[in-house]
Structure formats: C-alpha cells, structure tokens
Amino acid sequence: MTPVSQDGESAAGGPETVSPDTASKGTIRVLQLYPRDMNIYGDWGNALVLQQRLRWHGYTPELLEYNVGDAFPADVDLIVGGGGQDSGQLVIQDDLLSRESTLKELAEDGTPMLLICGMYQLFGRFFKTRTGSVIPGIGVLDVETHGTDERLIGNVTVSSTEFGDVLGYENHSGQTTLGPGVKPLGTTPKGTGNNSSDGKEGARYRNIVASYLHGSLLPKNPAIADFLIRTAVERKYGSFSPGAPDDRYSVLAREHAARRPR
Amino acid sequence: MLYFSVPLGKLVRRVSRLRGGGSAFPGLVVEKIDPEFMQRTLSTLPLGVAVVSGTNGKTTTTKMVVELLESQGLKVFTNRTGSNFTRGVAAALLGDVDWRGRLDADIAVLELDEAHAVHFVNRVPPRYSLLLNVLRDQLDRFGEIDKTAQLLQHIASKTTGTVVLNREDPRVARIADTLDGPQVRYFGLDDSLLSTFPNDDDLRSGPGSPVPALPEKPHADVVLRRVGTADADFEYDGATVTTGMKLRGVYNIFNAAAALVLARSIAGNGTTPTDHDGLLKALSEVAPAFGRGESLVVDGLPLDLVLVKNPSGFRLGLKSFSAGGYATMVAINDNYADGRDMSWLWDVEFDSLREGGVDQLTGSRAYDMALRLQYDGVAIGAVDPDITPALAAFIQGAKDKPKRVFCTYTAMLAIRRELSKITTVEVVS
C-alpha cells in the first residue's frame, strides 16, 4: 500500500501530484454558501473536491463559510452552494435576499460559482409552491421554478458541449424553466433534469454552473471542477498553469455510474 | 374466506420456502384474500403490539427488546427476518399462527421501517412505540429528514399506551410536545458520551463541537452513563448498575438503554413485578443482529461485518471500531435497498482510515468509494466491483490479521453468502 502523508495535503492512491516543497502558485478563496443549512446531498463533496484539486494544481485553497447572519467575506474567488430541505431554505431565505446585490455583483463580474439544487432555485427569479405562494429568489439567473407533486429521482447523464457527459443523481420536485438570459448546462439522454418536459438540465450564465445534480457533482465531473478553478485563477492571477491530478478513479467511477440503471 | 385464508397462506409460505422464494410473498397472498388477517390476529394479544422505528438500530434494538421480554417469561411474536413492512409482518404471522389462525403470544414486538410503520399503525394502533432516531438516510427513498420526523410523530400519535423517545435526538424528543394521549418515557445518554453521537445538524461544524442539547432535558427512565470495552453502566430507578455486554459499538449499547425502557414499560404493566436481575442478565447476553457488528471467524481470526447504510451509521461505525491492527474492506452497492444515490458517501469523513489505508474495495459502486477515499487522502489497496473475487483476495491477502468489512445492505447479504461457504454463519430464516 502506498504510504500517505498524515496532513491530508496530498492525494493518496496514486502518484504524488504536488510535492509539499513546491511553492504555491497562489491562494484561491472558496466560499461555501450556507453550508450549515444547505448541505443535504453530500454538498461537502463539492467543496472538498475544489479544495483538493486546487492543491493538486499547485494552488493554496482557503475554504470560507458564509452562514445566516455572518459578515460577508471580502475577496471571494469562487462560490459553491448546495441543496437544502424546505426548512433549510426557509431559514436562509431572508438572509439570502439581503445579500442580493453582493451576489449579483460577483456574478456579473464573472466570479465562478457552482449552484446545486436548492441554491440553483433560489438564485433564480422565484419559486412558486404547489399552493401558489411565491418565494422570491435573488434573480441572478433568468430561471423560474414551480413546485409539483411529482418527484424527479434517479441517475442522470447530461450531454454538455462544454464539459462532455456530466454524471449525477437528481432528487427534486421543483421544476425549473429557463428564460432567454441563460443557457442549459446540457440535454438529458438519461434522467429528467430541469423539468419533465423539455429534456434540458441545469443552467449556464457567465461563469455560473447551476444544476440539479448531486452525487456529489464535482468528484465524478472533474471537468466542471477544473473549469471553476481555472476561471478563478485566471481572474485573479491572469493565467492558470494546471497540475496533473490523478483522475483514474474518477474515470472508472464515471464508467460504472453511467452503466447503472436510472 | 376467513376459514381458509390462514391454511392457504401457510401452504403458500411452505411452498415458497421450499422454492427458496422471498419471505414476504405469502404475506401478499393472505393480505389479498383476507385483508383483516393481520389486525384480527394481533388484536388477540393480551399485551398488544409494540412498534420499534427510527433510522438506525431497529433490527438490533428489536432483538434486544424481544430477549428482554422473554427473560420476564413473556411469549413474544416478532418479525425476525427483517422484512420490516406490513406484508413482512403478515408473512411472519403466518409462520407463527396455528392452522386455525391462533397466535400463541403475549405481545408482538415489531420492527417497522418509518414509511411502512405509518400504514401499519393506521391499521393496528400499537400499545407501545419506541422511536430511536431520525438521521439522514437514503433520501432517494424517504425524502427529507424533517419528513421522516413527521412519520415518527404519526406513529407516536397513534400509540395508545407508552411512547419511548430518544432524549438526545432533538427531532425525536420534540415529538413529546405534540402528544396528549400516550405516556412518554425517555432513554438518555450521559453528557460525556454525547460527542460520540454527531447528529446531522453538526455535519459541517468544527470537530469536537458539542451537540446542541434541548433547552431543558426531561428526566430519562434509563440513562447510559459509561461504555467500557466489554461492559456498560446504566442508571435507572436512582441507581447505576454495571453489566457485561456482548454488543459492540456505542450506538448499539445506547439502543440497549432504549430497549430497557421499553421492556420496563411493558413488564412493569403486568401482574408480576419486573425481574431486574433477569433483564440485566438478558441484556448482557444479547448478540448483535446479523451484519450489525457481527463477528465471524475466518482462518482462526475475527472478521467483523459492519452494516453501513447512511452517513451517521458509517461515521458511528468508523468511530466505534478502531481501525488499528485490522485489515479493512469496504463494499458499496447501489441497489434499491442500499439507496441509489451515492451522495451520502461525501457526508462521511474517512480520516480515521488514513493511517492503515483500505485493503480492498468492492460492490457496484466500488469506484465511487475509491474516489471518495482518494479525496480524503486514504490509501487504497485493490478495487474490484465483483464481490466474490474481491472477498477472496481480501481474505487471502490478510491471513494474519483480524478483518473488518464495512458494507451496505445488499453487499452484506452477498458477503454473508460467500462467507457461509468457508465459515459458520448464522442462518436467518
């Protein structure tokens, strides 16, 4: 068995991709939005993958959290937000609305963001529940979501021109439709995606990737993780010089996941 | 209809067992031809029905309650096969009733899956219920944990006698506020042990941070005060008693406190006084239910099976059983009974396996597990999704070491089947 360093600074199960002696190419500040209340489907996995891959590419990750009532940190380079239960969404709703202008500014400025499930919905214009009440979103994304009685559950493969096949798992009853201001992440040869009618999944706007998929999303889709990282680094340092992360388990996990039933 | 439904059901049960068929099918048949069979039979029991539900520990806790009650001389009917839904109960009943449909028992103690329990209690209001915990579990099947808590609340609201609640799980303890009929009793944990039970709300807070307690803790009927290597201290009736324990894992022993409260509630309601020495003796002899910390012997050394089916269970499993000196295998399947969504693996931290690494990974999602371990910096020996060769390689490669296998439900069934070819594995019928 390969010996592993105890500090968690390096990847195990494969060749070392970054020697601890190598000087860092720079620091990237990754902000988790509401990790306390919005973390229902392994959302930590996305933050962990960004943290580790930044290391493997030779950068120093700085992981930040923003929860209800916190001061909003300055100089954020990358934002990741996850899904929540209904109760979690209620808890953060007012606080999120109070951060509307900050988050809009960051988004328009090109800050890379990953928004999953509940946070995808709340970054849209509104969520209309089954009973007809309207929960306002912060309108960063030109999308709207309608609550339904139908729960869309199962494995999904998204075909994306930008990222290739995106693999994940969906579990939501809100159905989202895209306005002209955003593009879909891709189409769904397997699974449902945004809604049960148009065969589209997720949303792309500036450097935002929004999706219903968890699994978690980034571990099995390193192309998206590296897009977020590259964008963050280029915005901060002008250019990105990638490392060579060992993605053999990711390749195999993708192959096996793609063969699993819906 | 009524006169031949039982003989017919029993016949179907015999035939389907001869064919090695599923344990619930005869239940389906009798439910179709005689929908009142279950209610009618259970309503004849002098001490009624006790339901055990919650996310983790149902099977072992139910087994404990049964053995505790048997120590008090009670005849107990239970659904031992783990078919923990209504049809499974009907099937188990068919095995135990005589040909005229009579059940020779004082009480039924039934393990019920949260979702199925709701249907069950609507048909058969239980006299007792024991609600263990609400944790993140297979969200693809159960939905949000707040919804799961509502299911447990419904079970409690249908209970006619005593509801036993976990004082330390806020979602379960709060159920008491919604009840006005049944009596409420709690099982509890010493403050010093609280940190060994992370709840999902603390998932992302710093290590070692305390579990938020209820504003005011109600009195608990039984409190687990201390867990030793082979014994434990329980406090009840104002005194602390020490008893040996065969059960392993803090969470199993906490559930022993739960079982004690329920058994005391039931036994204390009879005409004869509770035999406390008998209860403790029975408790010390309870062995884990299959796959729940079950220890088998391979090549003269222990091989422990630890069932993991949700993040809290996996975290508790890692915490309860130190990795030191053990060879480790992890088997992750994604069949329906395991949960198809792999997200839960990302809610478990695997730092404790970093020192020794993991020798073998297997199961249909072996590579998802490999990817998970890679991101936590845990070294990986071999990966083979096919369980049979993976298990053989694991045993061959670690002949001189005790072994531990963390496995999801269907992976555990496959592993037990394989192990039964080379060692003694308890047959569960």
Look at A:A232 and say whether it is part of a helix (DSSP H, G or I) and at the interface with another protein chain (Cβ under 8 Å from one of its Cβ atoms).
no
Within the stretch B:299-311, does at least one residue satisfy the condition of being in the same structural domain as B:A392 (by TED's automatic domain parsing), over 30 Å from B:Q396 (Cβ atoms) and not small (G, A, S)?
yes
Right, A:L152: surrounded by fewer than 23 Cβ atoms within 10 Å (Cβ to Cβ) and within 12 Å of chain B (Cβ to nearest Cβ) or not?
yes
In the stretch B:98-112, which residue that is modelled with pLDDT of 85 or more and acidic (D, E) is surrounded by the most Cβ atoms within 10 Å (Cβ to Cβ)?
B:E111
Just to check your reading of the model, which residue among B:D368, B:D359, B:D384 is buried (at least 24 other Cβ atoms within 10 Å of the Cβ) and either touching a helix residue (DSSP H, G or I) at 6+ places or on another chain (Cβ under 6 Å) or in contact (Cβ under 8 Å) with a residue 12 or more places away in the chain (or both)?
B:D368
Just the residues that are surrounded by 15 or more Cβ atoms within 10 Å (Cβ to Cβ), within 16 Å of B:D169 (Cβ to Cβ) and not charged (D, E, K, R), please, taken from the stretch B:216-251.
B:A220, B:V222, B:V223, B:L224, B:V250, B:Y251
Hey, among the residues in the stretch A:201-222 that are in contact with a strand residue (DSSP E or B) (Cβ under 6 Å, 6 or more places away or on another chain) and surrounded by fewer than 24 Cβ atoms within 10 Å (Cβ to Cβ), which one's farthest from A:M38 (Cα to Cα)?
A:R204
Of the residues that sit in the stretch A:242-262 and are small (G, A, S) and part of a helix (DSSP H, G or I), which one is farthest from B:D368 (Cα to Cα)?
A:A258
Being surrounded by fewer than 18 Cβ atoms within 10 Å (Cβ to Cβ) and at pLDDT 85 or above: is that true of B:R174 here?
yes
Please work out which residue is farthest from the other protein chains (Cβ to nearest Cβ), limiting yourself to the stretch A:116-137 and to residues that are surrounded by 20 or more Cβ atoms within 10 Å (Cβ to Cβ) and hydrophobic (A, V, I, L, M, F, W, C).
A:F123
Which residues, taken from the stretch B:153-172, are closer than 16 Å to B:L262 by Cα and assigned to a helix (DSSP H, G or I)?
B:I155, B:A156, B:V172
Can you confirm whether the stretch A:165-175 contains a residue that is modelled with pLDDT under 95 and small (G, A, S)?
yes
Positions within the stretch B:292-330 being over 19 Å from the mean Cα position of the chain (by Cα), within 14 Å of another protein chain (Cβ to nearest Cβ) and at pLDDT 85 or above, in sequence order
B:Y326, B:A327, B:T328, B:M329, B:V330
Counted residues in the stretch A:204-229 being away from chain B (no Cβ under 14 Å) and either under 21 Å from A:G42 (Cβ atoms) or modelled with pLDDT under 95 (or both) come to 9
B:A414: under 28 Å from the mean Cα position of the chain (by Cα) and not in a loop (DSSP other than H, G, I, E, B), yes or no?
yes
Only unsatisfied item for A:Q89, checking (1) out of contact with any strand residue (DSSP E or B) (no Cβ under 9 Å at 6 or more places or on another chain); (2) over 18 Å from A:D142 (Cβ atoms); (3) not in a loop (DSSP other than H, G, I, E, B), is (1)
May I ask you to list the residues in the stretch B:232-273 that are assigned to a loop (DSSP other than H, G, I, E, B) and hydrophobic (A, V, I, L, M, F, W, C)?
B:M245, B:L247
Check off (1) modelled with pLDDT under 90; (2) over 19 Å from the mean Cα position of the chain (by Cα); (3) surrounded by 16 or more Cβ atoms within 10 Å (Cβ to Cβ) for B:R264 and give me the number that stays unchecked.
(1)
Output yes when any residue across the stretch A:183-196 is part of a strand (DSSP E or B) and touching a Cys at 6+ places or on another chain (Cβ under 8 Å), and no when none is.
no
Against the definition (in contact with a helix residue (DSSP H, G or I) (Cβ under 8 Å, 6 or more places away or on another chain) and either surrounded by 23 or more Cβ atoms within 10 Å (Cβ to Cβ) or more than 18 Å from B:R315 (Cα to Cα) (or both)), how does B:T423 come out, yes or no?
no
State all residues of the stretch B:346-363 that are at the interface with chain A (Cβ under 7 Å from one of its Cβ atoms) and on the phi < 0 side of the Ramachandran plot; if no residue qualifies, say none.
B:W346, B:D347, B:R354
Which numbered condition B:N333 misses (of (1) assigned to a loop (DSSP other than H, G, I, E, B); (2) at the interface with chain A (Cβ under 10 Å from one of its Cβ atoms))
(2)
What pairs can you find where one residue is in the stretch A:192-204 and touching a residue at least 60 places away in the same chain (Cβ under 8 Å), the other is hydroxyl-bearing (S, T, Y), and their Cβ atoms are less than 8 Å apart, with a gap of 6+ or different chains?
A:G202/A:Y120; A:G202/A:S211; A:G202/A:Y212; A:A203/A:Y120; A:A203/A:T176; A:A203/A:S211
Subset tally (residues that are out of contact with any helix residue (DSSP H, G or I) (no Cβ under 7 Å at 6 or more places or on another chain) and not in a loop (DSSP other than H, G, I, E, B)) for the stretch B:119-135:
1
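The values are calculated or read from the model by the stated rules, or taken from the named source; none is laboratory data. No experiment lies behind these values; they were computed from the predicted model shown. Here Cβ is always computed from backbone atoms with ideal geometry, including for glycine, and neighbour counts include all displayed protein chains.
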